[in-house]
Each structure stands twice: as structure tokens, then as C-alpha cells.
Amino acid sequence: MSVTAFNSAEFPAVTPWECFSWRWFTDGKVTYDGQRLAGLMADKKLHDGILTSLQIALGVVLLSVPIGMAAAIVLTQMNSKIRTLFYSVAIMPVLFPGVVIGISTVVLWDRIASMTGGGAMTDIGRNGVFLTILAQTCFISTYCFLIFVARLQRFDKTQEEAALDLGASQTQVFVKILMPYLMPAIASSAVIAFLYSFENYNTTVFSILSDQTLTTVIASKVRWV
């Protein structure tokens, strides 16, 4: 698919190959109704969408990774009966359609903003970037949770017990034993959360409000092709 961006043909295709060209990056194209679409390098709306997507993705990572890690650690401390219930509740967000999560997030925060009667809470509750971060975190944190659960299942708890017997505090055990062990899971969940957020459309299109992300900008351009 990437190769088609360098073909000068009007319709994206590898064959027939007309000529190697940078036109889609510089000149853009003229649509059937005479509207000129800017090339990739000059498309400010697309650039703004990328920046907004990066902001949202970073926000989702900062929320989803700690939430997923905390939930996984709590899961390992529970007895078997409660653990099954907690696990079922924790993975439930991925079962809901992204459309439902996006709309419900907007409705909830709109009600909160209305009840506060103005001020900073109203501005926050109707900020598309903020709402999108919260909406995406609802289900992306579940993927992070599953990654941490898989990692913690192989953790040798006797290391914690030995450290506690030697006089270490719970904080020291967490910082010096558990955190280093979880670093691969932290890195993996951060990458997964970033990628899931950056390419998300179903939830974002409803929660972003008047702002634009990369996916919504691309979707809006489809009708002009």
C-alpha cells in the first residue's frame, strides 16, 4: 500500500505504474468537483491531527499503564473466589463497542459540566482531547491489565517474602523487587496503549467533539477522493 503513494496515477494502484512522483506529498490533487486537496507536506489539518493524536496517545499511556499495573497487582492478592469476579469485571470494557464508550463518556461529562454551572469543570468536561483520553483509557487499560497479569503469573513470590523477612518495607519490596521485574510488561503495555490510542477511530470520532485527530482527518478526506 505504501508504494502507491509514489505512483503519479490518479487512482491509488501499483499497476499500471505511470511514473515515480512526489505529487501526493507536495501538490495533492483536484477532486471531481474542483476542490484542491493539499499534499501531505502542506496539509495543516493533517499535521494538527497528528499532534492531537500524539497528545491523546501520551495521555492514554500515562493513565492506562498505572491503572493496568495496579489492577493486576490487586488481582494477585485476592483469594480465588473474588479473583474470578474481579477479573471478569476488569476485562469487561473490551466487550463494549467503542461507539458506546465514546458516546457514554461524552454524555456523562456533559451532565457533570451542566451540574457544575460553569467554570473550569465545564471547560474540562467539554474538552474533546480530555474526553477522548478518558474514553480510550476505559478499554485500553484492560489490555495493559492483561499484559501485567501474564507477567505476574510467572513471578516468584518467595522473593518478596524473603525481603520482608530481612526487614524490608512494603515500599522497598515494590520498588526494588517488583518494579524491576515488571519493567518488560511496563514497556510492552506502554507501546500497546500508544498504538491502540493513535489508530483508534470508533471511540474517538464521538468523543473528540470539535477537535480532530489523525484518524478523523483521514476519514473526513475519504468523501473527497
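Each reported figure results from applying straightforward, stated rules to the coordinates on display, with no laboratory input. A quick note: this is a predicted structure, and the numbers were derived from the prediction, not measured. So basically every Cβ, Gly included, is an ideal-geometry build from the backbone, and we count neighbours across all protein chains shown.
Computed over Cα pairs, the Kirkwood radius of the range 52-222 leads via Stokes-Einstein (1.567 mPa s, 4 °C) to a diffusion coefficient of 74 µm² per second.
The smallest convex shape that holds all Cα atoms of the range 148-224, its convex hull, gives 119 Å³ per residue.
With the convex hull constructed from alpha-carbon coordinates only, the range 64-113 shows a mean projected area of 4.5 nm² over all directions. Taking other C-beta atoms within 10 Å as the exposure proxy, THR52, THR158 rank THR158, THR52 from fewest upward.
How do VAL61, VAL89, VAL217 line up, fewest other C-beta atoms within 10 Å first?
VAL89, VAL217, VAL61
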